[in-house]
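The values are calculated or read from the model by the stated rules, or taken from the named source; none is laboratory data. The shown structure was predicted, so the numbers you read here are calculated from the model rather than taken from an experiment. Cβ atoms come from the backbone with ideal geometry, glycine included; neighbour counts cover every protein chain shown. Heavy atoms of the whole protein, side chains included, go into the accessibility calculation; ligands, DNA and RNA do not. Shrake-Rupley method; radii C 1.70, N 1.55, O 1.52, S 1.80 Å.
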Amino acid sequence: MSSRDQIGYAVEGRVALITLNRPDKMNAFTRTMMAEIIAAMDEADADDRVRAVVFTGAGDRAFCAGADLTPEGGGHVFSDPDTVDDLSDERVRDGGGRLTLRLFNATKPLISACNGVAVGVGATMQLPMDMRLAADNARFGFVFARRGITPEAASSWFLPRLVGMQTALEWCMTGRLFDAQEALSRGLVRSIHPQAELLGSAMALAEEIAANTSAVSVAMTRAMLWRLSAAEHPMMAHRVDSRAIYRLSRSADAREGVASFLEKRAPDYPDTVTADMPDFYPWWDEPHYR
């Protein structure tokens, strides 16, 4: 496991494991942790061996108990501690939002193994992950209104898309804690597992993706589902679908996908995310897709 101050990073086979590693502080979030996770994501996205990324917390009490607002935690994690009068200033961007936007732009599937309490940014940082698995002792809370602040980490965009507006409003307006079963019934998590089985289940799901799919296909699928489901008209999706099918159907991965199916063998996809993404990716940078 790579040595960092507040997270662990290890590559196990084709899966990267990022562990929030402040167990004595219930893995509370700091500006240092934010920077280390972003750097780890840069490393994972640049490493073609890595086909999926799993996140968990150290210990069995907490995934992340929210922001560490103490001096030991580095002070204010939501923005630069200096006084800022101009709200357009870059320094007022909250740290959770910087992290979730980086996760949103990932090219690898992201899976959360929520091993305990996840409140505040501990909950919101999981929203841009593609699948969330929870331990049976997990508890969640979007507690901002009980602290006199508002939801952060772009959660006002992510949360309603995952659980619907009514549930998002209820959870954020009450600020109450809720258990893993409620999270499952409302669609926040995929499945609930005994604590001892949680990480293994998340790693197995990541390995299933790695063993059976094209890295380029998954990266494109991830970007398309997250971005195009929020488009104002299905024509936006049709434009990207059409270009993606045209380009990828002529790729080495598509040839291998058909050959392995016909030959009844496991696929060995040659294309990589770092070298073989379609020439129009990222399409959202083109003016007519904005």
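Restricting attention to segment 73-119, and to residues there that are among the charged types (D, E, K, R) and at pLDDT 80 or above, which single residue is farthest from residue 207 (Cα to Cα)? Outline the logic, then answer.
Filtering segment 73-119 for residues among the charged types (D, E, K, R) gives 80, 82, 85-86, 89-91, 93-94, 98, 102, 108.
Now drop any that are not at pLDDT 80 or above, which leaves 93-94, 98, 102, 108.
Details: 93: 35, 94: 33, 98: 28, 102: 23, 108: 12 Å.
Result: 93.
Collect the residues in segment 143-163 that are open to solvent by less than 30 Å² (accessible area, probe 1.4 Å) and more than 26 Å from residue 231 (Cα to Cα), keeping them in residue-number order.
Correct list: 143, 144.
Of 35, 46, which residue is surrounded by 15 or more Cβ atoms within 10 Å (Cβ to Cβ) and not acidic (Asp, Glu)? Write out each step before concluding.
Numbers: 46 fails: surrounded by 15 or more Cβ atoms within 10 Å (Cβ to Cβ).
Answer to the selection: 35.
What are the residue pairs meeting all of these: first residue in segment 269-287, first residue acidic (Asp, Glu) and assigned to a loop (DSSP other than H, G, I, E, B), second residue open to solvent by 50 Å² or more (accessible area, probe 1.4 Å) and modelled with pLDDT of 95 or more, Cβ atoms under 8 Å, and 6 or more apart or on different chains?
If the second residue must be open to solvent by 50 Å² or more (accessible area, probe 1.4 Å) and modelled with pLDDT of 95 or more, the pairs left are 279/247.
Output the residues belonging to segment 219-235 that are open to solvent by 30 Å² or more (accessible area, probe 1.4 Å), part of a helix (DSSP H, G or I) and touching a residue at least 40 places away in the same chain (Cβ under 8 Å).
The answer is 226, 227.
Give the residues of segment 101-137 that are in contact with a Ser or Thr (Cβ under 7 Å, 6 or more places away or on another chain) and open to solvent by less than 10 Å² (accessible area, probe 1.4 Å), sorted by residue number.
Answer for segment 101-137, where residues must be in contact with a Ser or Thr (Cβ under 7 Å, 6 or more places away or on another chain) and open to solvent by less than 10 Å² (accessible area, probe 1.4 Å): 113, 115, 124, 125, 126, 127, 128, 129, 133.
Take segment 115-173 and flag every residue that is part of a helix (DSSP H, G or I) and aliphatic (A, V, I, L, M).
Answer for segment 115-173, where residues must be part of a helix (DSSP H, G or I) and aliphatic (A, V, I, L, M): 121, 123, 145, 159, 162, 163, 165, 168, 169, 173.
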